[in-house]
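The values are calculated or read from the model by the stated rules, or taken from the named source; none is laboratory data. The structure presented is a predicted model; accordingly, all values stated were derived computationally and were not measured. Heads up, the Cβs are rebuilt from the backbone with ideal geometry, glycines too, and the neighbour counts pull from every protein chain shown.
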Amino acid sequence: MALINFKFIKSASKKNEFLDSVLPQIAVVGRSNVGKSSLINLLANNKKMAKTSSTPGRTRLVNYFNVNNEFLLVDLPGYGYAAASKSEKNNWDKMLDDYFEANTNYVADDNGELVLDLEKSNLKLVLVLIDSRREPTNLDMFMCEYLSLREIPFIVAMTKSDKLSRTDLNNSKNKISKILKLNLDRIVVTSANKKIGSAELENSIRSKL
Ligand code: GTP
Ligand code: MG
């Protein structure tokens, strides 16, 4: 079934406003202005589903969308917005931390080490967005390390691929794979403007539900 029935549920500005839902969650993260809201609109095939903005740092909330009543797509606050005040930045980082903390479950394995219990975790997959034209930033690397450490499954979606030639796009993909130490099959090329990548993302999402 296609991802057709999108419904905005709510925005949360702090931890106690997070949705405690029985539905699995798929989260979207990335640098401010990377194209998170546009990617959600691409998946929804509806340009007006999530608010987009040419001014970075507009989405300071955790936004929940119900998709087909099968899962929640979660638009997380953008990180690394240079013009944000320090306290705002801290708040964002805390929001991300709080979100991951609230939606994952860990159990001790036979050696007493904590391992992610994906079954019991609301969060099933994170889409880490990276601008096709830019090298991953330290914050992108930190984000991927953060997720790896916590064993949270993630893939990278390269955004705005329409801005690059095929050759440059390939070079960029290889660079991202190298810098983030990710297999090429964990990187999906997308463009909200040209409607590229939604089927591939949908497959990745479905495989985790
Ligand atoms: P914040 O919520 O502010 O962190 O931004 P965001 O990550 O949600 O980005 P958003 O989707 O609002 O897009 C930011 C800018 O990039 C807007 O001007 C979009 O029009 C542009 N943009 C997003 N996706 C694409 C794309 O696929 N191609 C092109 N050319 N521009 C895009
Ligand atoms: Mg946004």
Exercise for the section: Tell me, please, whether a residue that is modelled with pLDDT of 95 or more, charged (D, E, K, R) and in a loop (DSSP other than H, G, I, E, B) can be found in region 161-171. Expected result: no
Practice task
Report, by residue number, each residue of region 88-140 that is assigned to a helix (DSSP H, G or I) and touching a Gly at 6+ places or on another chain (Cβ under 6 Å).
Solution key: L139
Problem - Of residues in region 1-52 being in a helix (DSSP H, G or I) and of a type in the set (K, R), the one surrounded by the most Cβ atoms within 10 Å (Cβ to Cβ) - result: K36
Problem - Selection count where residues are within 16 Å of ligand 2 (Cβ to nearest atom) and either farther than 20 Å from L42 by Cα or surrounded by 15 or more Cβ atoms within 10 Å (Cβ to Cβ) (or both), scope region 170-208 - result: 2
Handout entry: Single residue of region 73-87 satisfying the filter (at pLDDT 85 or above and not in a loop (DSSP other than H, G, I, E, B)) that is nearest to ligand 2 (Cβ to nearest atom)
Key = D75
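From the residues in region 26-72 that are among the β-branched types (V, I, T) and farther than 21 Å from K208 by Cβ, which one is modelled with the highest pLDDT?
The selected residue is V34.
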